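Below is one structure, written out as structure tokens; the observations come after it.
Laboratory data are not the source of any read-out in this text; all were calculated from the coordinates shown. Worth saying up front: this structure is predicted, and the values here are computed from it rather than measured. A quick note on method: Cβ atoms are made from the backbone with ideal geometry, for glycine too, and the neighbour counts reach across all protein chains shown.
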Amino acid sequence: MSLTPPIATVRPHTLPAHGHTRIDNYYWLREKENPEVIAYLEAENEYTKAIMKDTEPLQETLFQEMKGRIQETDLSVPVKMGDYFYYTRTEEGKQYNIHCRKQGNLENDEQIILDINALAGDSPYCAVGVFEPSPNHQLLAYSVDLAGNETYTIYVKDLRTGQNLPDVIPATYYSLAWANDNETLYYTVLDEALRPHQLRRHRLGSSIQDDVVVYQEEDARFFLGIGKSKDETYLLMSLNSKETDEVQFLAADNPTDTFQPIHPREQGVEYGAEHHRGRFYIFTNADGAKNFKIVTAPVDNPGRANWTDLMPYDEAIKIDGLEMFRDHIVIYQRQDGLRQIRVGDLNSGDYHLIPFPEPVYTAWEGENPEFDTQVLRFHYASLITPQSIYDYHMVTQERTLRKQQPVLGGYEPEQYLSERVWAVAEDGTRVPISLVYKKGARDGGRAPLLLYGYGSYGHSIDPNFSSNRLSLLDRGFIYAIAHIRGGGEMGRLWYENGKYLHKRNSFTDFIACAEHLISEEYTTPQQLMAMGGSAGGLLMGAIATMRPDLFQGVIAHVPFVDVVTTMSDPTIPLTVTEYEEWGNPDDETYYRYMLSYSPYDMVTAQPYPNLLVTAGLNDPRVQYWEPAKWVAKLRVTKTDDNLLLLRTNMGAGHGGASGRYDYLREIAEEYVFFLEVLGLTDAAAKKD
């Protein structure tokens, strides 16, 4: 294999823009069916493999190390649904879960209802989208994607016979709901831009050609989804843009009736709803409740005029969602950057927070399909504590640990330290950083450090546990998360101050976090690595361009780096829906602002850090050509001799490999990339 990097052919393409033109020399890489494009991507893969060949033994060492921490044959905590206990299990050597259930009690015989290993067959990729037993538990509706393009085919399995029914529905998305008759199901269909825009109704045994289009969303900013209230009274259709929501409801006993809105969409008003005893419980940002509040409304007249506050609005608390039970409401919220779970007694009106033992942690909802229960299942973890599943009695306030993620090989949490520190951004904003490292990592002075970030869509990167990360921590690395603006960690304003014409705050916050960790002597620029994916890959491209001197190496997963061209093309999946995140470049103000930070457009003749860039050929969210074009342009423009590697998964999409072992091999390669650019591969290979 050649160690000479591939050089993509320059083919200038003119793009109009506000009375001017832009020349894109690599626009032709969008031609997925062009053999030259595939040949170029494969040449880049071969080059990456050749460069990393000498590290393959260490990659294998890390892979075996990470695999060795996993309990390969394992069992999930069973979830009670009706008269059944549903669970998944894994078997040593197999890539995927096996879905099972037992009727009555856990001592009874197991029924395998879906073996994803069998579904995958010889396919290099396999993902299950929906997994919905019918209300009477005799049927299972499930969907499968074998390409990684997030386009799913629905199948219906008769769990009494083990055979699939003739009903097969292609080109669907992630949501599905059964009506209470056990014969009618609702599903969402994708348009040409891969947006779920239609809700259809299917009756088992009928031709899919006869399926009724119940609703079609014409506004390209909106995604459509379908679900069901926990008490199984109503089907709930959600219509969501980045800034506006609408929920429509239909009695699940009357599947041919017409959906009715809880409140017709109103630009800028976001809300979600659940049902409880004739009222909707709604969390919303209406009436200036920027961090959301909870209201209730009667089912027979649920519009905004009839919304009644359940709890006073508290701007210090960001409400992320709620769950309803027979006698309780559970509120998932954030305060001071940390997740909280608040439990309310609907009879007494009393509320309490579930206490958590660590100063830096995360907690989130578990599987709670049962309405008539006093037990809440939730997950808890920290950078040190493995993911733990608890059952919490909402009356007695007692918790029971049902399972903690096993970490084989003698993991000792007390050997590690976790902390939260604060950087100060250039405008004076305090930005939290979560850190974890092994005791002694800083004894010899500054240490190699991996700084992770995302910072978009209001999505929070919470301090969770990873057994894979131990392979870095045990080699002296510090791992840090920069909770930058554009994310949701510190509330809605935190998000809004990192989007639209404030997007650059995300990048400068990350740079401020890096500078803080250097100034506080955690690390040095020569030992500092960065990583992020998708919109976090945009972050990586931006910081590598703005401050290449701060980072020795950067991994950009499926990076959104061709911002202006993508956002100027409404035919690309997801573009129009993204106008409310980045802005519409048809407006010259947004166009100029995007152009000022778009990494592909900002490539310049300067040194760059060592770079490993990944792509997925079938990725519908960030098309493969964005990272490919960026790498092609960097190859002929940058002025350094640092590594520049592109790895395209030719059989997967946005999330990379779907199999658990294939996924670990990708991580092993990335960790070795870090060790290689830091000159630590020999020391890493000698780790006991």
Ratio Rg/Rh, restricted to segment 73-119 and using Cα atoms, in which Rh is the Kirkwood radius: 0.98
Let me check I've understood the local charge: for residue 644, count other residues with C-beta under 11 angstrom from its C-beta, Lys and Arg +1, Asp and Glu -1. What total comes out? 0
Considering only DSSP beta bridges with both partners in the chain, what is the antiparallel share in %, to the nearest 5? 85
I need the per residue convex hull volume for segment 1-62, using only the alpha carbons, in cubic angstrom as a whole number. 128
I need the per residue convex hull volume for segment 140-234, using only the alpha carbons, in cubic angstrom as a whole number. 118
Go ahead and estimate [θ] at 222 nm for the chain from helices alone: -39,500 (n - 2.57) per DSSP H run with n ≥ 4, summed, over the residue count, rounded to 500. -5500 deg cm²/dmol
Dividing the mean separation of Cα pairs under 8 Å (6+ apart) by the residue count of the chain yields a relative contact order in percent of 10
For segment 516-625, would you read off the P(r) tail past 22 Å as a percentage of all alpha carbon pairs? 36
C-alpha long axis of helix 35-51 to longest principal axis of the chain, angle in °: 70
Given +1 on the Cβ of Lys and Arg, -1 on the Cβ of Asp and Glu, and no further charges, what dipole in debye does the chain carry about its Cα centre, rounded to the nearest 20? 1000
Volume in Å³ per residue [convex hull over Cα atoms, computed for segment 131-186]: 75
Length-normalised contact order of segment 291-418, Cα under 8 Å, at least 6 apart, in percent, tallies to 14
Need the C-alpha centroid separation for segment 161-231 versus segment 33-54, integer Å. 39
Would you kindly calculate the mean projected area, averaged across all directions, of the convex hull enclosing the Cα atoms of segment 571-685, in square nanometres? 9.3
Relative exposure of 513, 100, judged by other C-beta atoms within 10 Å (fewest first): 100, 513
What is the pair-distance distribution P(r) of segment 250-376, computed from all Cα-Cα distances in 5 Å bins starting at 0, with each bin given as a whole percent? 2, 9, 19, 22, 20, 15, 9, 3, 1, 0, 0
Could you tell me how far the Cα centroid of segment 570-647 sits from the Cα centroid of segment 480-518, in Å? 19
How do 320, 569, 372 rank when sorted from fewest to most other Cβ atoms within 10 Å of their own Cβ? 372, 569, 320
Scaled radius of gyration (Cα, divided by 2.2 N^0.38 Å) that segment 1-139 gives: 1.71
Shape call for segment 316-405 from the C-alpha gyration tensor, a ≥ b ≥ c root eigenvalues: rounded (a/c under 1.5), prolate (a/b greater than b/c) or oblate? oblate
Just the Kirkwood number for the chain, please: inverse of mean 1/r across all distinct Cα pairs, in Å, one decimal. 26.8
Using the Karplus curve 6.51 cos²θ - 1.76 cosθ + 1.60 with θ = phi - 60°, work out ³J(HN,Hα) for each residue of segment 430-437 in order, rounded to whole Hz, and write x for Gly and Pro. 7, 10, x, 10, 9, 10, 9, 7
Quick one: what are the phi-derived ³J(HN,Hα) couplings along segment 540-550, Karplus 6.51/-1.76/1.60 with θ = phi - 60°, whole Hz, x for glycine and proline? 4, x, 5, 6, 5, 7, 6, 9, x, 5, 7
